[in-house]
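*Asks:* Starting off with a structure, shown below.
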Amino acid sequence: MLRDMQSTAVVGDFREYHINLYGFGARKVLVTDEEVPYPDGKLIVSRTDTRGIITHCNQSFVEMSGHTREALIGTEHSILRHPDMPGVAFKSLWDDVEAGKIWHGYVKNLRGDGKFYWVYATVIPNVRDGKVVGYTSVRRKPSRTKIRESIALYKQLKAQEGSQWDGPEV
Amino acid sequence: MGWAGGMNMETIYQLTVSPDFTPEHISGWYIYNTWLQRNLGLHFHLEMYDSFDAQREAIRQDKVDLIYANPYDASMLVREKGFRAVVRPIGVADECVIVVPADSPVQKVEDLQPNARVASTDDPDIHLVGMIMLEPADLNADNVQSITVDGYVLVAKALLKGSADVGFFLKDAWDGLSNTVRKQLRPLVTSQISDIQHVLLVGPRLMDSVEDIQGLMLRMPQIEKGAGVLEALGFEGWAEVDHEDTEFMIDLMDTLKAR
Ligand SMILES: Cc1cc2nc3c(=O)[nH]c(=O)nc-3n(C[C@H](O)[C@H](O)[C@H](O)COP(=O)(O)O)c2cc1C
């Protein structure tokens, strides 16, 4: 179950946001400017049911999220939703996978301690006996060039959504 | 003659092994084939293909009945050819090591430059994972020079000769190189993806024997001579793989193959 973030969990100076999550409502998140580097050689894997509730994740996912496995399983995947991400990115994710297509994208994720990490994510529908039973996301290490390009793009998209990019720009 | 009497001599099934088998385990697969026939009471012919392309062609022509397959091919076998994965080996991993010459100025993957010469074998899973590990340097199939060689010793040779800037190794093959060779090379990063593995798959003609084959593999260490055969293959044993484990691995491979 998704909860508001508590300042006791966060290390260093933070900004406070109230983000509106689909099927959940407003969530208070606390965000710092500290990036955690992507772990070399690893894939970060999670699976959800058709509503986006986390059903499985690997150890790298747990470690990078800054949450315990118990806190993750059964919770909305938007527990990782960072306020710097434009909402339209996730709309395209859901539009694609619900249409049975693969989605790729660069995502800035929020950790339980307020820090962030960048990933290159691929999400696919899990088809069993011809039916979509859930989704799998596999993330890998993005290049700094791609991260810079994504920041530039997401700044524009945020502006179009009437908000702004507040995080570091490299 | 006891055991031969129970065999169905009419049907000869084909057993084959992913062409990335390590040379020291070839005899192990012949011993395995003999042991399998004796304990299953079915007749198998072991076919060792020397390339993935040749093996895939045989699969397409429905020649294969039992296959120890590379995870890259599991998708085609299960979803297009109706195979079912029954067990995976214990004690072996399909991890990839990215290696440069010891005196290379490259200290981390991100230092590699476009047009880098990349040496690898035709092992599809290792090549795929290797290319993914080059992505942080903005490298991809379109901006590297791929050099495909016939084995990991030749990947090492290409690096030593200076005809490649970076090479991909199966971790076991890297660990198996001599100290003298390894000292002249330097690993940059090793994958840690335990979810991708070789599996033993049963084909449509053998579906009636799926449970027998799975049960036999799981009991192998306890059955006469089974432990010795496993040792010859370099495995500690077999672990059960169920339908969902296989589907999950295929989904995972599909996300990695997608561009
Ligand atoms: C398999 C899968 C993986 C996902 N991974 C992430 C993720 O890593 N980070 C993230 O913010 N959203 C992820 N999402 C999207 C979330 O479900 C959610 O749409 C997003 O966080 C935005 O929240 P909202 O839809 O409530 O606005 C994923 C969705 C699926 C189906």
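*Asks:* Roughly what would the spin-label model give for B:Arg182 and B:Gln113, points 7 Å off Cα along C-beta, in nm?
*Replies:* 3.1 nm
*Asks:* Report in % the part of the accessible area of the protein assembly as shown that belongs to carbon and sulfur, leaving out ligands and nucleic acids; probe 1.4 Å.
*Replies:* C and S atoms contribute 50 percent here.
*Asks:* Once the Cα atoms of helix A:87-98 and of chain A are each reduced to a long axis, what angle between those two axes, in degrees from 0 to 90 to the nearest 10, is obtained?
*Replies:* 10 degrees
*Asks:* Considering only the other residues whose Cβ falls under 12 Å of the Cβ of A:Ile54, what net charge follows from Lys and Arg at +1 and Asp and Glu at -1?
*Replies:* It works out to a net charge of 0.
*Asks:* How about B:Lys171: which aspartates and glutamates have a C-alpha closer than 14 Å to its C-alpha, ignoring those fewer than 8 places off in the same chain?
*Replies:* Within the straight-line limit of under 14 Å, B:Lys171 reaches these aspartates and glutamates: B:Asp20, B:Asp94, B:Glu95, B:Asp123, B:Asp125.
*Asks:* What does the net charge come to around B:Val86 if you take all other residues with beta carbon closer than 12 Å to its beta carbon, with K and R at +1 and D and E at -1?
*Replies:* After counting each charged neighbour, the total is -3.
*Asks:* A further question follows. Using only protein heavy atoms and a 1.4 angstrom probe, determine the accessible area buried between B and A, summed over both sides, in Å² to the nearest 100.
*Replies:* It comes to approximately 1800 Å² buried between B and A.
*Asks:* Just want to confirm a number: the relative contact order over chain B, from Cα pairs under 8 angstrom separated by 6+ residues, in percent.
*Replies:* Reported as a whole number, the value is 29 percent.
*Asks:* Enumerate the residues in the stretch B:60-103 having an amide nitrogen under 14 Å from the point lying 7 Å beyond the Cα of A:His104 toward its Cβ.
*Replies:* none
*Asks:* Using the reciprocal of the averaged 1/r over all distinct C-alpha pairs, how large is the Kirkwood radius of chain B in Å?
*Replies:* Over chain B, the inverse of the mean reciprocal pair distance is 19.5 Å.
*Asks:* I need the calculated FRET efficiency for the pair B:Ile147 and A:Phe24, taking r as the beta carbon distance and R₀ as 51 Å, to the nearest 0.05.
*Replies:* After rounding, the FRET efficiency stands at 0.50.
*Asks:* Between the chain alone and the structure with every protein chain in place, find the residues of the stretch A:30-55 that drop at least 50 Å² of accessible area; heavy atoms, 1.4 Å probe.
*Replies:* Correct list: A:Gly41, A:Leu43, A:Arg47.
*Asks:* If you average the alpha carbon positions of the stretch B:51-94 and of the stretch B:188-259, how far apart do those two centres end up, in angstrom?
*Replies:* 10 Å
*Asks:* Let me ask something else about it. How high is the relative contact order of chain A? Use alpha-carbon pairs under 8 Å, at least six apart in sequence, and give a whole percent.
*Replies:* 23 percent
*Asks:* What does DSSP give for the protein assembly as shown in terms of the percent of beta bridges that are antiparallel, rounded to the nearest 5?
*Replies:* Antiparallel bridges: around 80 percent, rounded to the nearest 5.
*Asks:* Per the Kirkwood treatment, what hydrodynamic radius in Å, one decimal, follows for chain A from the mean inverse distance over all distinct Cα pairs?
*Replies:* With all distinct Cα pairs of chain A included, I get 16.4 Å.
*Asks:* Counting each DSSP H run of 4 or more residues in chain B as -39500 (n - 2.57), what helix-only mean residue ellipticity at 222 nm follows after dividing by all residues, to the nearest 500 deg cm²/dmol?
*Replies:* Calculated mean residue ellipticity at 222 nm is -10500 deg cm²/dmol.
*Asks:* May I pose another question? Quick one: work out the % antiparallel among DSSP beta bridges in chain A, nearest 5.
*Replies:* So the antiparallel bridges in chain A amount to around 95 percent.
*Asks:* Same structure, new question: If we count every other residue with Cβ under 13 angstrom of B:Gln214's Cβ, Lys/Arg +1 and Asp/Glu -1, where does the sum land?
*Replies:* Around B:Gln214, the charge tally is -3.
*Asks:* Compute the Rg/Rh shape ratio of the protein assembly as shown: radius of gyration over Kirkwood radius, all on alpha-carbon atoms.
*Replies:* Taking Rg over the Kirkwood Rh, I get 1.02.
*Asks:* OK, next. Under a crude label model (7 Å from the Cα following the beta-carbon direction), how far is B:Asp212 from A:Asp166 in nanometres?
*Replies:* Spacing of the two 7 Å Cα→Cβ label points: 6.8 nm.
*Asks:* Out of all DSSP beta bridges with both ends in the stretch B:96-190, state the antiparallel percent to the nearest 5.
*Replies:* Of the beta bridges lying entirely in the stretch B:96-190, close to 60 percent run antiparallel.
*Asks:* Past the 26 Å Cα-Cα mark, which pairs from A:Lys42/B:Lys81; A:Lys146/B:Lys108; B:Lys157/B:Lys257; A:Lys115/A:Lys141?
*Replies:* A:Lys42/B:Lys81; B:Lys157/B:Lys257
*Asks:* How far, in degrees from 0 to 90, does helix A:144-160 lean away from the longest principal axis of the Cα atoms of chain A, to the nearest 10?
*Replies:* 80 degrees
*Asks:* Here is a further query. Could you work out the mean count of beta carbons from other protein chains within 10 Å of each residue's beta carbon in A:134-140?
*Replies:* Counting other chains' Cβ atoms within 10 Å and averaging over A:134-140 gives 4.
*Asks:* Now a separate question. Going by the alpha-carbon gyration tensor, a ≥ b ≥ c the square roots of its eigenvalues, is the stretch A:1-89 rounded (a/c under 1.5) or, if a/c is not under 1.5, prolate (a/b greater than b/c) versus oblate?
*Replies:* Cα axes put the stretch A:1-89 in the oblate bin.
*Asks:* Based on the alpha-carbon gyration tensor of the stretch B:104-230, what equivalent-ellipsoid semi-axes (square roots of 5 times the eigenvalues) come out, in whole Å, largest first?
*Replies:* 37, 18, 13
The values are calculated or read from the model by the stated rules, or taken from the named source; none is laboratory data. If you're wondering where the values come from, they're calculated on a predicted model, not measured in any experiment. Glycine also receives a Cβ, built like all others from the backbone with ideal geometry; neighbour counts cover every protein chain displayed. Calculation scope for accessible area: heavy atoms of the full protein, side chains included, ligands and nucleic acids excluded. Shrake-Rupley method; radii C 1.70, N 1.55, O 1.52, S 1.80 Å.
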